[in-house]
Amino acid sequence: MARTSQAFRRARALCVELERVTGGRPVQYRMVAPIAQSIGFDTAAAEAAVALAMEQRWLIGTGEPPHSVCLTDEGRNLAIINGYRG
């Protein structure tokens, strides 16, 4: 099943916001719910974005479904390319 461009946009947006809230510091876990809420995602959209970002190796997470996430180096680079400027 092909992923939609909207799904990738949402996953990237989540990574950008996570990069923003962590101040660009590596290995900083944050709760998914407040990040998703700040970018206007409902629970289903947030879970889908996290799942796709984890599949792409942009995030690592804890819990099932993940409730806390951390950017990988790939995810931090993606966030910088897609809008986070520090």
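We did not get these values from a lab; they are worked out from the coordinates using the rules stated. Nothing here was measured: the structure is a model prediction, and the numbers come from that model.
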Exercise for the section: Select from the chain the helices, each a whole stretch of DSSP H, whose alpha-carbon atoms run 15 Å or more along the helix axis and whose Kyte-Doolittle mean is at least -1.0; answer none if there are none. Expected result: 5-21, 43-55
Exercise for the section: Evaluate the relative contact order of the chain (contact order divided by residue number), counting alpha-carbon pairs under 8 angstrom at least 6 apart; express in whole percent. Expected result: 40 percent
Practice task
Would you please classify the overall shape of the chain from the alpha carbon gyration tensor, given that a ≥ b ≥ c denote the square roots of the eigenvalues, rounded means a/c under 1.5, and beyond that prolate means a/b larger than b/c while oblate covers the rest?
Solution key: rounded
Practice task
Indicate the gyration tensor shape class of the range 40-85 (rounded, prolate or oblate), computed on the Cα atoms with a ≥ b ≥ c the square roots of the eigenvalues: a/c under 1.5 is rounded; otherwise a/b larger than b/c is prolate and the rest oblate.
Solution key: oblate
